[in-house]
1. Positive end of the dipole of the chain, charges at C-beta (+1 Lys, Arg; -1 Asp, Glu), about the Cα centre: which of G528, Y128, P768 has its Cα farthest in that direction?
2. Given a cut-off of 29 Å, name the pairs among K125/K346; K125/K272; K145/K379; K156/K398; K433/K470; K145/K380 whose C-alpha atoms lie farther apart than that in the structure shown.
3. Can you say what percent of the DSSP beta bridges in region 384-508, counting only those with both residues inside, are antiparallel? Round to 5.
4. Full extension from Q576 to T68: what is 0.36 nm times the residue separation minus their Cα-Cα distance, to one decimal in nm?
5. Measure nothing but the geometry: give the 0 to 90° angle between the long axis through the Cα atoms of 515-527 and the longest principal axis through the Cα atoms of the chain, rounded to 10°.
6. Label region 424-536 by shape, choosing from rounded, prolate and oblate, from the square roots a ≥ b ≥ c of the eigenvalues of the Cα gyration tensor; if a/c is under 1.5 it is rounded, and otherwise prolate applies when a/b is larger than b/c, oblate when it is not.
7. Which value, in debye to the nearest 20, describes the size of the charge dipole of the chain about its Cα centre when Lys and Arg Cβ atoms bear +1, Asp and Glu Cβ atoms bear -1, and nothing else is charged?
8. Please compute the net charge surrounding G229, taking Lys and Arg as +1 and Asp and Glu as -1 over other residues with Cβ under 13 Å from its Cβ.
Amino acid sequence: MTALRYLLLPLLFLPFLAVAGDAWLVKDGTPAARIVISDQPPRMVRLAAEELRDYLRKISGAELPIATEPDDNLVSVYVGRSVHTDRLGLVGHDLPDGAYRMVTGENWLALLGRDSDFTPPQPYKTTYSDDARVLAEWDALTGEKWLFPHTLLFKKCSKELGIWTYDERGSLNAVHGFLHRLGVRWYMQGELGEVVPQQTTIPLPVLDETVRPDFPVRDFGPYAPVWIGDPAESILWHLRLGFSPGRDQLGLSASCWLGHGICLIHGRDEAKRDHPEYFALYNGRRFTGDKHSRYGKPCLSSPELFAANVRFIRAFFQVYPDEPMIGVMPADAYTRLCECPLCQGKDDPERGPQGHLSDYVWDYVNRVAEEVRTTHPDKKIVCFAYGSYLLPPKKIGKLSPNLAVGFCQHRAQFIDPAIEQLYLEARQGWLDKLTSGDFYLWEYYLHSRPGHTYEGIPVYFPQAIARDLKRLRSVARGEMVEQTRAAGTGMHAPIFNHLNAYVTSRFYWDANLDVDALLGEYYRDFYGPAAGPMQAFVEFCEQHWPEMLTDPAPIDRALALFAAARDAVGDSVYGQRLALLAEFLIPLGQLRDRLRKGRADAPSCRVLLSDPRSFKLDGQLDEPFWEASSPYPLRETETGRAPYFPTRFRLAWGKDALHVGIHCQDLPGYRPHVGDAVEILIETQTHAYYRITIQADGTIAAADHAQPPNNPQWQAGAEAVVQLGEDHWTIELRLPLAKAGSPDGIAGRRPSDTYPWFINVCRQRLRPNGDERSAFSPTGRPEFPDPGKFARMVSPPQ
């Protein structure tokens with residue numbers, strides 16, 4: 001497959017201010033310049049020279065030679081610093097953050113920035129199997145039994161290209177910036193994704209420009225770009241878009257333990273054995289980890305853990321003195337307060353699922369930062385506002401001056417102005433408390449993941465990207481974007497994901513761009529005669545993708561717009577691109593077909609009216625309240641067979657609330673395990689959908705997955721009691737209807753035959769020797785959320 005090429009008038013095309021007389025880079029298809037580099041160039045400079053040579057050849061057919069000395073008969077194109085740029089007095093090799101210079105003189109052009117070859121600091125893990133050696137060396141240096149902090153560093157290189165993620169590449173950015181001026185576009189990885197103009201003559205322009213990115217940290221990938229094993233075309237695409245892990249700001253921890261760094265202290269088996277006081281107390285046991293939470297969960301009131309965390313950070317900066325930052329953040333899925341006496345009362349349930357642990361977590365992080373500051377005032381501590389501690393703490397006025405804050409958000413949700421405003425208010429709350437000036441974003445571009453809820457749904461949000469990055473330009477130092485990844489290809493589904501990524505990359509460098517002009521150019525160049533219908537398709541999807549989860553009508557409209565685009569292109573390079581997008585959209589058509597069935601193949605259940613006076617919320621399920629209700633069994637989620645551990649539930653209605661009673665069978669001597677949970681998914685007449693999760697320890701998590709999903713402020717008002725039996729556990733749950741004018745509670749009215757609700761009741765049982773997932777309406781896959789499979793729930797007339 002070849003890149004798109006188009007013919008343009010040479011001088012009219014170049015968007016430079018002026019042309020340098022009769023000087024040319026290429027004249028009538030013949031080289032009129034040579035590329036000059038240092039006799040010992042850094043890796044990225046050599047790559048930059050090759051990129052410039054290759055793309056000038058693609059544009060003009062002429063191949064410029066690469067040399068270390070100029071030729072008086074040719075224009076010199078200096079790439080990177082050399083004795084020749086020093087002789088000319090050119091400055092640019094000191095520019096930070098990937099910034100670069102493009103400057104011309106008499107018969108020369110210089111493209112340069114800061115370049116250096118990365119050398120991994122020691123100790124350094126070299127392969128997957130190198131743990132024992134590097135841990136022994138790390139232990140000897142620290143005198144402790146901590147996890148090794150740079151365990152993933154060896155993945156940040158490409159043996160195929162001979163480069164590292166952390167190689168500085170200002171001159172490569174300059175080359176790509178210059179080629180962008182010539183009209184080259186890298187919309188998607190691979191030749192099919194690029195646009196290259198055709199012109200046999202390329203004049204030497206008049207230039208003197210320094211280009212600086214608006215965001216120093218531009219880290220785009222799965223946590224951070226994992227280059228080892230990725231194809232060259234994927235890595236080169238990242239480089240051509242100017243992404244960067246921001247080593248000056250974040251150091252190497254950006255690709256290792258920037259998040260969840262407290263695990264480094266308590267994650268090893270020795271810590272679990274020798275320091276139980278490091279770990280949270282749940283149900284009378286210190287939780288040191290299991291299959292689904294490898295490192296355990298910390299007790300953030302433990303003075304011993306605090307002291308060890310401070311020792312670890314000081315040792316880290318002693319071993320790695322060039323590192324600017326280290327992460328201090330609890331383990332993932334940290335949603336539950338430790339139950340030890342020291343932690344009692346440190347949560348704030350009234351702040352809901354995004355804030356009930358904010359004061360608890362951030363008090364610990366801030367105290368660690370303040371203590372480290374006494375010995376390392378020039379080093380930074382970072383924690384991300386995430387999950388149960390997303391909202392800023394109430395009890396801390398100003399954060400320690402050495403504490404950086406990262407904020408986790410879902411920009412795609414900004415389709416709803418109310419959700420966008422909630423995020424903006426939370427961000428402002430953090431900025432009001434921040435004294436370091438170091439504010440970062442952690443973003444999620446994960447919608448296309450195979451086998452997940454949004455598979456095949458075209459979640460485009462370029463307008464939200466542009467709007468948000470324009471706002472963040474003056475307050476944030478950059479962001480890390482978590483992008484779906486596919487083994488062997490880099491980014492998953494590049495034919496879909498590339499647009500959000502491309503827009504993000506352009507706004508990282510210039511947040512004041514005109515997004516409509518940028519998109520207009522994209523539709524024209526990438527889709528040619530299908531530009532109009534593809535613009536209509538993307539704009540429609542950006543406004544209506546949330547509705548596609550539950551309504552076939554917007555899917556019909558989107559696919560009709562896409563069909564019009566395919567009709568416009570025929571068998572061409574544009575047709576090849578749309579053929580790939582059509583493959584991506586196959587699950588969308590399948591979802592539409594399931595929705596059209598009206599859930600005809602899903603089961604149904606009835607919720608009976610009961611006397612609320614006979615209800616007692618104690619988890620026993622033995623009151624008269626439940627006597628008339630029928631038990632409904634769960635089946636294996638994927639196969640539909642009877643599960644090994646049976647589960648049944650009952651439904652009853654009383655006093656403007658849905659009551660659910662659930663009996664979960666288990667082995668004799670049952671005790672709760674982390675991950676043992678029941679999940680209830682509910683769609684009412686007016687709202688689709690709610691998700692309520694009850695852990696076996698009684699913890700409740702609730703989320704609003706309406707359009708757009710995940711309202712971070714919604715609270716279900718749910719009450720639940722879990723009762724443990726000898727060989728089972730039971731739940732009594734009360735879900736109240738929302739009161740008039742209140743956003744909380746379950747919106748809707750009591751279900752009826754005419755106006756039903758839709759529901760699924762699901763159970764997961766997680767064990768090292770095998771997991772079991774079951775549901776009242778099996779989804780055919782491990783995941784529970786699938787609105788097309790929700791069962792019909794009705795109730796008799798009152």
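1. After comparing all options, I get P768.
2. Numbers: K125/K346 39 Å; K125/K272 23 Å; K145/K379 23 Å; K156/K398 36 Å; K433/K470 22 Å; K145/K380 23 Å.
Exceeds cut-off: K125/K346; K156/K398.
3. On the way: 2 of 15 bridges.
Here the antiparallel bridges make up roughly 15 percent for region 384-508.
4. Details: separation 508, 0.36 × 508 = 182.88 nm, distance 4.10 nm.
This chain segment gains 178.8 nm when fully extended.
5. Here the helix axis deviates by roughly 80 degrees.
6. On the way: a/c = 2.35, a/b = 1.42, b/c = 1.65.
It comes out oblate by the Cα gyration axes.
7. Numbers: 86 positive and 100 negative charges, 225 e Å.
It comes to approximately 1080 debye.
8. On the way: positive: K155, K156, K159, R485; negative: E160, D230.
Once all neighbours under 13 Å are counted, the net charge is +2.
Only the coordinates and a few stated rules stand behind these numbers; no lab work does. Model, not experiment: these values are computed from the prediction. Please note: Cβ atoms are built from the backbone with ideal geometry, for glycine as well, and neighbour counts cover all protein chains shown.
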